1. Looking only at region 15-49, count how many residues are open to solvent by less than 80 Å² (accessible area, probe 1.4 Å), in contact (Cβ under 8 Å) with a residue 12 or more places away in the chain and assigned to a loop (DSSP other than H, G, I, E, B).
2. Go through (1) over 13 Å from PHE19 (Cα atoms); (2) of a type in the set (A, V, I, L, M); (3) at pLDDT below 85; (4) open to solvent by less than 90 Å² (accessible area, probe 1.4 Å) one by one and return the number of the condition LEU63 breaks.
3. It is to be established whether one or more residues within region 25-38 are of a type in the set (D, E, K, R), closer than 26 Å to TYR6 by Cα and under 14 Å from the mean Cα position of the chain (by Cα).
Amino acid sequence: QRVFNYRLSRARRIIENSFGILVARWRLLLDTIYMTEVNAKWAILSCVCLHNWVRGKQQINGLYIPPGFVDNEDPVSHVVSPGTWRRFAER
């Protein structure tokens, strides 16, 4: 049960970081999207594709996600320190 809860919590944190990065970097996703359903779908898909492309480029990735931008867990104490993306993703 303890291992399951840890892994579930870790998976939730990874997903939360991914969406947080998307919202912090692509401000379109921060608030209500005032577009038609079709245009909103394409805008979101574009943000996700650009996010994945930039993440794959090593020379750009350090600028896109600088150190400390995402939540980090201390491997010994398992204490999680929040990333700075949370500041950018606030409304």
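The values are calculated or read from the model by the stated rules, or taken from the named source; none is laboratory data. As the structure is a prediction and not an experimental result, all values here were calculated from the model. Here Cβ is always computed from backbone atoms with ideal geometry, including for glycine, and neighbour counts include all displayed protein chains. Side chains are part of the model used for accessible areas, which takes the heavy atoms of the whole protein and leaves out ligands, DNA and RNA. Shrake-Rupley method; radii C 1.70, N 1.55, O 1.52, S 1.80 Å.
1. 1
2. Going through the list (1) over 13 Å from PHE19 (Cα atoms); (2) of a type in the set (A, V, I, L, M); (3) at pLDDT below 85; (4) open to solvent by less than 90 Å² (accessible area, probe 1.4 Å), LEU63 breaks only (4).
3. No, because not a single residue in region 25-38 is of a type in the set (D, E, K, R), closer than 26 Å to TYR6 by Cα and under 14 Å from the mean Cα position of the chain (by Cα).
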